[in-house]
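Report on the structure given below.
The values are calculated or read from the model by the stated rules, or taken from the named source; none is laboratory data. Nothing here was measured: the structure is a model prediction, and the numbers come from that model. Virtual Cβ from ideal backbone geometry, glycine too; neighbours counted across all protein chains shown. Areas reflect the complete protein model, heavy atoms only, side chains present, ligands, DNA and RNA absent. Shrake-Rupley method; radii C 1.70, N 1.55, O 1.52, S 1.80 Å.
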Amino acid sequence: MKILAIETSGVTGSAALLEETDVVAETRLDSSHRSAQSLLPAIDSQLKSVGWLPGDIQLVAVAQGPGSFTGLRVGVTAGKTLAYAVGAQLIGVNTLRIIAHQAPRDPQRVNAIIDAHRGQVFSAFFSAAPDARWDEESPTQIMDDELWLQECRVDTLVSGAGLKKLGPRLPAGIRVAAEPLWTPTAAVLGRLGYADFCGGRRDDIWQFVPQYFRKSAAEEKREPSEN
């Protein structure tokens with residue numbers, strides 16, 4: 001199965017081509033490429049570099065959230081457009097799950113976090129499964145920075161870009177993944193999407209939307225006037 005994976009949940013992003021679990025190509029994208037007008041040509045260039053036609057793609061895997069509102073919209077829009085155009089299947093993968101699967105398996109528990117801004121983080125916990133997977137212990141939630149710091153445990157590895165702001169304030173004894181592992185990659189995203197597909201999952205392209213896990217600042221500002 002030929003797979004296109006698109007990861008645009010943060011400031012930087014990446015796109016990858018896989019044949020099942022084997023990575024054929026992966027391209028890092030900087031912030032200047034996080035628009036539909038520039039992301040699609042970058043993917044087209046990647047396809048040409050490996051000799052694939054757009055119609056060869058059978059599965060499009062997309063980072064569905066949490067993450068940057070703009071980045072998620074760009075990735076989801078590009079993924080849906082491509083999947084519809086070539087008749088491929090579409091699968092979304094949780095961003096924190098991608099980060100967890102990049103972490104080493106010692107200790108046997110990992111907490112993935114992303115900066116949610118406004119003094120908060122997106123957080124989810126995962127435990128190691130026998131088949132090299134990380135099983136989700138708790139769904140993605142938004143936590144205040146101070147509460148998250150209070151609940152850190154020494155038996156849990158912490159990973160994710162949220163450490164850029166909270167790393168210096170971690171309690172003593174907390175283990176931290178190597179910084180290169182904090183950023184979700186399209187290669188790992190593609191493998192997870194393929195695993196979900198093999199497990200029978202299918203996402204409806206017409207119902208598929210980003211999962212922001214919170215309202216935008218503009219929406220929150222409008223709420224008082226609407227009550």
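Using a probe radius of 1.4 Å on heavy atoms only, what accessible surface per residue do you get for the range 128-216? Whole Å² is fine.
Normalised by residue count, the accessible surface of the range 128-216 is 55 Å².
Can you list the lysines whose alpha carbon sits under 26 Å from that of Lys2, skipping same-chain ones fewer than 8 residues off?
Qualifying lysines at Cα under 26 Å: Lys48, Lys80.
Over the chain, what percent of the accessible surface lies on carbon and sulfur atoms, probe 1.4 Å? Intermediate values should be presented prior to the final figure.
Numbers: 5570 of 10700 Å².
Using a 1.4 Å probe with all protein chains present, the chain comes out at 52 percent carbon and sulfur.
How far apart, in nm, are the 7 Å Cα→Cβ label points at Asp44 and Leu147?
Label at Asp44, label at Leu147, 4.7 nm between them.
Considering only protein heavy atoms, what is the solvent-accessible area of Tyr84 at a probe of 1.4 Å, reported in Å² to the nearest 10?
The accessible area of Tyr84 comes to roughly 150 Å².
So if a site counts as exposed when it's one of the GluC sites (Glu not before Pro), its DSSP state isn't H, G, I, E or B, and it has at most 15 other Cβ atoms within 10 Å, what's the longest stretch of the chain without one?
21-136
Roughly what % antiparallel, to the nearest 5, for the DSSP beta bridges in the range 88-227? Kindly include the intermediate steps, with their values, before the conclusion.
Values: 15 of 20 bridges.
Bridges in the range 88-227 that DSSP calls antiparallel: roughly 75 percent.
Taking the chain on its own, what percent of its Cα-Cα pair distances exceed 31 Å?
22 percent
How much length, in nm to one decimal, is gained on full extension between Glu136 and Thr70, taken as 0.36 nm per residue of separation minus their Cα-Cα distance?
Extra length from Glu136 to Thr70 when fully extended: 21.2 nm.
Can you work out the accessible area per residue across the range 1-122, with the rest of the protein chains kept in place, probe 1.4 Å, in square angstrom? Display every interim value, and only then the final one.
Working: 4670 Å² over 122 residues.
So the range 1-122 comes to 38 Å² accessible per residue, rounded to a whole number.
In square angstrom, rounded to the nearest 10, how much accessible surface does His101 have for a 1.4 Å probe?
His101 exposes around 40 Å² with every protein chain in place.
When the helices in the chain are scored as -39500 (n - 2.57) per DSSP H run of 4 or longer and the sum is shared across all residues, what 222 nm value do you end up with, to the nearest 500 deg cm²/dmol?
Rounded to the nearest 500, it is -9500 deg cm²/dmol.
Compute the acute angle (0 to 90°) between the alpha-carbon long axis of helix 186-198 and the principal axis of greatest extent of the alpha-carbon atoms of the chain; round to the nearest 10°.
That works out to roughly 80 degrees.
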